[in-house]
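Student: Just passing along the structure, written as structure tokens.
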Amino acid sequence: MSSANLFRLIFLAAIWGGSFLFMRIAAPVLGAAVLIEYRVLFASLFLAVIALVLKKPLNLRQHWQHYLILGLFNSALPFLMFAFAARTLSASLLAVLNATTPLWGTLIGAIWTRHMVSAKVMLGLVLGACGVALLVGFDHVSTKPGAGIAIAAVLFASFNYGIASNYAKQAKTVEPFSNAHGSMWASTLLVLPALPFFPAPGEPTIGIMGAVLALGVLCSGVAYLIYFRLIQDVGPSSALTVTFLSPLFGILWGMLFLGESVGWYTFVGAAIVITGTALVTGFRPSFGFLNKAKTA
């Protein structure tokens with residue numbers, strides 16, 4: 001991994017960690033449905049401009065069903081669940097619980113393929129569950145009214161990401177940028193029917209709309225471009241490192257901008273969840289550019 005790609009990786013983690021901050025700011029005012037409709041619409045428009053510049057067609061006739069499935073499980077449902085939970089839970093807790101996504105993906109994959117997981121993977125799953133239990137058990141936010149269903153919503157969101165990742169492995173091959181672009185438009189259509197039933201509880205300010213714009217363009221549109229560039233340059237395994245870094249930024253942004261209190265259990269729980277995720281994914285950090293620098 002070059003120093004440029006290391007910077008992209010850290011920047012991507014900071015962006016995705018910031019998504020929980022922006023949702024925490026906007027969700028109480030806009031509600032889940034309106035917030036996410038704005039998010040996926042802004043992301044769709046941004047990616048449409050990029051697609052026009054890069055001349056990347058969507059080929060809707062061939063792939064519309066694929067985009068709908070991916071949009072449902074990889075964007076619409078999880079985004080709605082996170083936005084719903086953001087009205088109650090802290091940005092820090094949202095970020096750490098999101099790190100369970102690879103755990104769900106592995107568990108779903110084992111059931112999907114009917115293959116028994118190894119002892120190492122099983123240990124990782126157990127550690128992940130223990131880390132979540134520690135966070136939920138000690139975090140004072142979990143005692144607030146509605147916190148239980150909010151935590152369940154976040155875990156359900158991560159579960160949907162797991163479904164999407166396993167579906168993507170079995171689905172027909174579609175260019176990654178088109179996957180992002182097409183699934184965002186599909187999500188925009190899927191969330192739209194919910195708007196009359198879940199109107200915004202408050203009037204958005206300029207600051208709220210700024211957070212929404214950042215959530216859509218920066219945390220969805222720009223983040224996808226960086227992520228796909230990393231996959232192209234360093235491969236999916238190294239790009240997966242963002243899973244371990246984004247919770248740290250989620251905790252940091254919550255402390256700095258929302259004044260969230262973070263106890264020892266947050267860091268210990270996050271460390272346990274991340275360790276479990278590393279075991280499940282078989283991730284081994286590789287920093288070849290450091291070794292090259294040492295031998296230069």
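Student: Answer yes if at least one residue in the stretch 23-37 is touching a Ser or Thr at 6+ places or on another chain (Cβ under 6 Å) and within 14 Å of CYS219 (Cα to Cα), and no otherwise. Spell out the reasoning first.
Tutor: Of all residues in the stretch 23-37, those touching a Ser or Thr at 6+ places or on another chain (Cβ under 6 Å) come to none.
Scanning the stretch 23-37, I find no residue that is touching a Ser or Thr at 6+ places or on another chain (Cβ under 6 Å) and within 14 Å of CYS219 (Cα to Cα), so the answer is no.
Student: List pairs: first in the stretch 98-122 and more than 22 Å from VAL136 (Cβ to Cβ), second assigned to a loop (DSSP other than H, G, I, E, B), Cβ under 6 Å, 6+ apart or cross-chain?
Tutor: Within 6 Å, the pairs are ALA110/VAL117.
Student: Which residues, taken from the stretch 155-197, are in contact with an Asp or Glu (Cβ under 7 Å, 6 or more places away or on another chain) and open to solvent by 40 Å² or more (accessible area, probe 1.4 Å)?
Tutor: LEU192, LEU195
Student: Tell me yes or no: at least one residue of the stretch 59-69 is under 14 Å from SER187 (Cα atoms) and open to solvent by less than 50 Å² (accessible area, probe 1.4 Å).
Tutor: yes
Student: Need pairs with beta-carbon distance below 9 Å; first residue at pLDDT below 95 and within the stretch 177-196, second basic (Lys, Arg); sequence gap 6+ or separate chains.
Tutor: PHE177/LYS56; SER178/LYS56; HIS181/LYS56
Student: Sticking with this one: Only residues that are open to solvent by 40 Å² or more (accessible area, probe 1.4 Å) and assigned to a helix (DSSP H, G or I): list them for the stretch 198-209, please.
Tutor: Residues satisfying the conditions are ILE206, GLY207, MET209.
Student: In the stretch 252-268, what count of residues is obtained for those that are in a helix (DSSP H, G or I) and farther than 20 Å from ALA27 by Cα?
Tutor: Counting residues in the stretch 252-268 that are in a helix (DSSP H, G or I) and farther than 20 Å from ALA27 by Cα gives 5.
Student: Please verify whether the stretch 27-50 includes one or more residues that are assigned to a helix (DSSP H, G or I), touching a Lys or Arg at 6+ places or on another chain (Cβ under 6 Å) and open to solvent by 20 Å² or more (accessible area, probe 1.4 Å).
Tutor: Yes, there is a match, as at least one residue in the stretch 27-50 is assigned to a helix (DSSP H, G or I), touching a Lys or Arg at 6+ places or on another chain (Cβ under 6 Å) and open to solvent by 20 Å² or more (accessible area, probe 1.4 Å).
Student: While we're on this one: Whether any residue in the stretch 72-85 is open to solvent by 20 Å² or more (accessible area, probe 1.4 Å) and without any contact (Cβ under 8 Å) to a residue 40 or more places away in the chain is what I want to check.
Tutor: no
Student: Quick check, is PHE249 assigned to a helix (DSSP H, G or I), at pLDDT below 85 and within 20 Å of the chain's Cα centre (by Cα)?
Tutor: No.
Student: To continue, here is another question. Going by what's in this entry, would ALA91 be described as in contact (Cβ under 8 Å) with a residue 12 or more places away in the chain and in contact with a Ser or Thr (Cβ under 7 Å, 6 or more places away or on another chain)?
Tutor: Considered against the rule, which asks whether it is in contact (Cβ under 8 Å) with a residue 12 or more places away in the chain and in contact with a Ser or Thr (Cβ under 7 Å, 6 or more places away or on another chain), ALA91 comes out as no.
Student: Moving to a separate point now. Out of (1) of a type in the set (Phe, Trp, Tyr); (2) buried (at least 23 other Cβ atoms within 10 Å of the Cβ); (3) at pLDDT 90 or above, what's the single condition that is false for TRP104?
Tutor: So TRP104 meets the others, but not (3).
Student: If you don't mind, another one. Which count do you get for residues in the stretch 110-137 that are within 20 Å of the chain's Cα centre (by Cα) and surrounded by fewer than 16 Cβ atoms within 10 Å (Cβ to Cβ)?
Tutor: Going through the stretch 110-137 one residue at a time, the tally reaches 1.
Student: Same structure, new question: Cβ contacts < 8 Å: first residue more than 23 Å from ASN160 (Cβ to Cβ), restricted to the stretch 44-69; second residue open to solvent by 80 Å² or more (accessible area, probe 1.4 Å) and not in a helix (DSSP H, G or I), any location; separation 6+ or different chain. Result?
Tutor: So the pair list comes out as ALA51/PRO57.
The values are calculated or read from the model by the stated rules, or taken from the named source; none is laboratory data. Here the structure is a predicted model, which means the values were calculated and not measured. Glycine gets a Cβ as well: all are built from the backbone with ideal geometry, and neighbour counts include every protein chain shown. Areas reflect the complete protein model, heavy atoms only, side chains present, ligands, DNA and RNA absent. Shrake-Rupley method; radii C 1.70, N 1.55, O 1.52, S 1.80 Å.
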